[in-house]
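J.: Dropping a structure here in structure tokens format, bear with me for questions.
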Amino acid sequence: MNVEGEPRLFTTTRWSLVLAGANPDGDTQRSAEALAELCRTYWRPVFSYVCRHGYSPEDAQDITQDFFLMILKTNWLQQADQSRGRFRSLLLKSVQNFLHNVADTKQTLKRGGGVEFVRWDAWMAEAPSQISMSSRALGSLPPDRLFDLRWAATVVEQALSRLREECEGKGRLRLFEGLRDYLAAEHADISYANLAISLGVAETVVKKQLHNLRERYRWLLRDEVAHTVSDPGDVDDEIRHLCAALAAAA
């Protein structure tokens with residue numbers, strides 16, 4: 001589970017491409033593709049945010065769909081405040097403004113005139129999130145904190161999904177399934193002896209493989225976060241923010 005041969009972190013992130021495309025000399029085609037990918041990955045926090053403002057799931061779907069179509073079809077980025085350089089912050093501010101406009105006009109475009117940006121049925125089938133969240137927190141968090149929570153869960157799930165695919169490709173899917181719940185656990189909370197029995201391997205093997213999986217998971221998590229910030233120096237701060245959001249919902 002080493003990282004040799006992997007692309008260097010922070011070389012060119014998707015968010016960097018998007019920001020570059022907002023400049024007159026930027027590669028607008030590549031930035032448009034990167035922005036679409038970011039939106040498709042991180043739309044769930046927007047949907048949750050809209051629902052928390054009292055919209056029915058059906059209306060929230062319409063509004064979320066219209067919001068992303070607006071982003072992709074207009075010069076939204078050139079008008080937006082990029083000062084913080086974090087896609088999470090910019091997206092939240094943008095959907096706040098969009099909701100104000102929706103409330104003012106009392107109407108939506110009904111899924112962009114038939115264009116579907118998000119595959120709703122597929123997402124609803126895989127909901128709820130695999131990340132543990134208390135129902136109390138989900139029902140009581142204010143909209144902006146719920147947005148951050150859903151954002152954090154999406155980042156973690158993206159990293160876990162990539163790690164699962166890697167393990168499956170190497171014939172280690174059973175190992176991943178047996179150890180995934182312990183990737184972020186404290187050592188005191190882990191019974192290596194019980195894990196060894198359930199996996200049918202030596203306890204020393206469990207310790208080594210869990211260490212390797214944790215290292216790889218941390219790398220993938222940093223890589224996911226790096227795609228959403230423009231400055232590599234912001235990655236650690238963003239990870240701390242997301243961890244705090246998840247801790248609040250534990």
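J.: So residue 189 ticks every box in (1) out of contact with any Leu (no Cβ under 8 Å at 6 or more places or on another chain); (2) within 28 Å of residue 228 (Cα to Cα); (3) among the acidic types (Asp, Glu) but one. Which box is left unticked?
T.: Just one mismatch for residue 189, condition (2).
J.: Of everything in segment 188-197, what is assigned to a helix (DSSP H, G or I) and either surrounded by 11 or more Cβ atoms within 10 Å (Cβ to Cβ) or among the charged types (D, E, K, R) (or both)? Give them in sequence order. Break it down stepwise before answering.
T.: So in segment 188-197, the residues assigned to a helix (DSSP H, G or I) come out as 188-189, 192-197.
Scanning segment 188-197 gives 189, 192, 194, 195, 196, 197.
J.: Shifting gears a bit: Kindly indicate the residue of segment 65-96 that is of a type in the set (Val, Ile, Thr) and modelled with pLDDT under 90 and also nearest to the chain's Cα centre (by Cα) among those meeting that condition. Before you say what the answer is, go through the steps one by one.
T.: Of segment 65-96, the ones of a type in the set (Val, Ile, Thr) are 71, 74, 95.
Okay, now just the ones that are also modelled with pLDDT under 90, so 71, 74.
Working: 71: 18, 74: 24 Å.
The residue in question is 71.
J.: Return the pair list, or none, for Cβ contacts closer than 6 Å from residues in segment 211-230 that are in contact (Cβ under 8 Å) with a residue 60 or more places away in the chain and crowded, with 18+ Cβ neighbours inside 10 Å to residues that are assigned to a helix (DSSP H, G or I) and acidic (Asp, Glu), at least 6 apart or on different chains.
T.: Pairs found: 225/238; 229/238.
J.: May I ask you to list the residues in segment 52-61 that are closer than 17 Å to residue 91 by Cα and either in contact with a Phe, Trp or Tyr (Cβ under 7 Å, 6 or more places away or on another chain) or surrounded by 18 or more Cβ atoms within 10 Å (Cβ to Cβ) (or both)?
T.: Initial filter on segment 52-61 (closer than 17 Å to residue 91 by Cα): 52-53, 60-61.
Residues satisfying the conditions are 52, 60, 61.
J.: Between a residue in segment 235-250 that is touching a residue at least 60 places away in the same chain (Cβ under 8 Å) and any residue that is buried (at least 20 other Cβ atoms within 10 Å of the Cβ) and aromatic (Phe, Trp, Tyr), which pairs come within a Cβ distance under 8 Å, given they are 6 or more apart or on different chains?
T.: Between residues of segment 235-250 that are touching a residue at least 60 places away in the same chain (Cβ under 8 Å) and residues that are buried (at least 20 other Cβ atoms within 10 Å of the Cβ) and aromatic (Phe, Trp, Tyr), the close pairs are 242/151; 245/151.
J.: Exactly one condition in (1) of a type outside the set (A, V, I, L, M); (2) over 20 Å from the mean Cα position of the chain (by Cα); (3) surrounded by fewer than 18 Cβ atoms within 10 Å (Cβ to Cβ); (4) modelled with pLDDT of 95 or more is false for residue 166; which is it?
T.: So the condition that residue 166 fails would be (2).
J.: For segment 150-182, name all the residues that are under 30 Å from residue 52 (Cβ atoms) and without any contact (Cβ under 8 Å) to a residue 40 or more places away in the chain.
T.: Hits for segment 150-182 are 157, 161, 164, 180, 181.
J.: Additional query: Restricting the search to segment 37-68, which residues are over 26 Å from residue 16 (Cβ atoms), free of Cβ contacts under 8 Å to residues at least 60 places away in the same chain and either polar (S, T, N, Q) or in a helix (DSSP H, G or I) (or both)? So that I can check it myself, show each step before the final result.
T.: If we filter segment 37-68 for residues that are over 26 Å from residue 16 (Cβ atoms), which is where we start, we get 48, 50-63, 65-66.
Within this subset, residues satisfying the condition of being free of Cβ contacts under 8 Å to residues at least 60 places away in the same chain are 50-51, 54-63, 65-66.
The answer is 50, 51, 56, 57, 58, 59, 60, 61, 62, 63, 65, 66.
J.: Looking at segment 159-168, is at least one residue of a type in the set (Gly, Ala, Ser), in a helix (DSSP H, G or I) and closer than 25 Å to residue 36 by Cβ? Before the answer, list the steps.
T.: Our first condition is that a residue be of a type in the set (Gly, Ala, Ser); within segment 159-168, this holds for 159, 161.
From what is left, the residues that are in a helix (DSSP H, G or I) are 159, 161.
Now narrow it down to the ones that are closer than 25 Å to residue 36 by Cβ: 159, 161.
The answer is yes; a qualifying residue exists.
J.: (1) in a helix (DSSP H, G or I); (2) modelled with pLDDT of 90 or more: which one isn't true of residue 171, the others all being true?
T.: With (1) in a helix (DSSP H, G or I); (2) modelled with pLDDT of 90 or more applied to residue 171, the lone miss is (1).
J.: Still on this model: Exactly one of these conditions fails for residue 204: (1) in a loop (DSSP other than H, G, I, E, B); (2) touching a helix residue (DSSP H, G or I) at 6+ places or on another chain (Cβ under 9 Å); (3) more than 30 Å from residue 88 (Cα to Cα). Give me its number.
T.: (1)
J.: Further question: Would you please name the residue that is modelled with the lowest pLDDT, looking only at residues in segment 50-64 that are under 20 Å from the mean Cα position of the chain (by Cα) and over 15 Å from residue 101 (Cα atoms)?
T.: 61
J.: Which number in (1) over 26 Å from the mean Cα position of the chain (by Cα); (2) modelled with pLDDT of 95 or more; (3) not hydroxyl-bearing (Ser, Thr, Tyr) marks the one condition that residue 207 misses?
T.: So residue 207 meets the others, but not (2).
The values are calculated or read from the model by the stated rules, or taken from the named source; none is laboratory data. Just so it is clear, the structure is predicted and the values come from calculations on it, not from any experiment. Ideal geometry is used to build each Cβ from the backbone, glycine not excepted, and the neighbour counts take in all protein chains shown.
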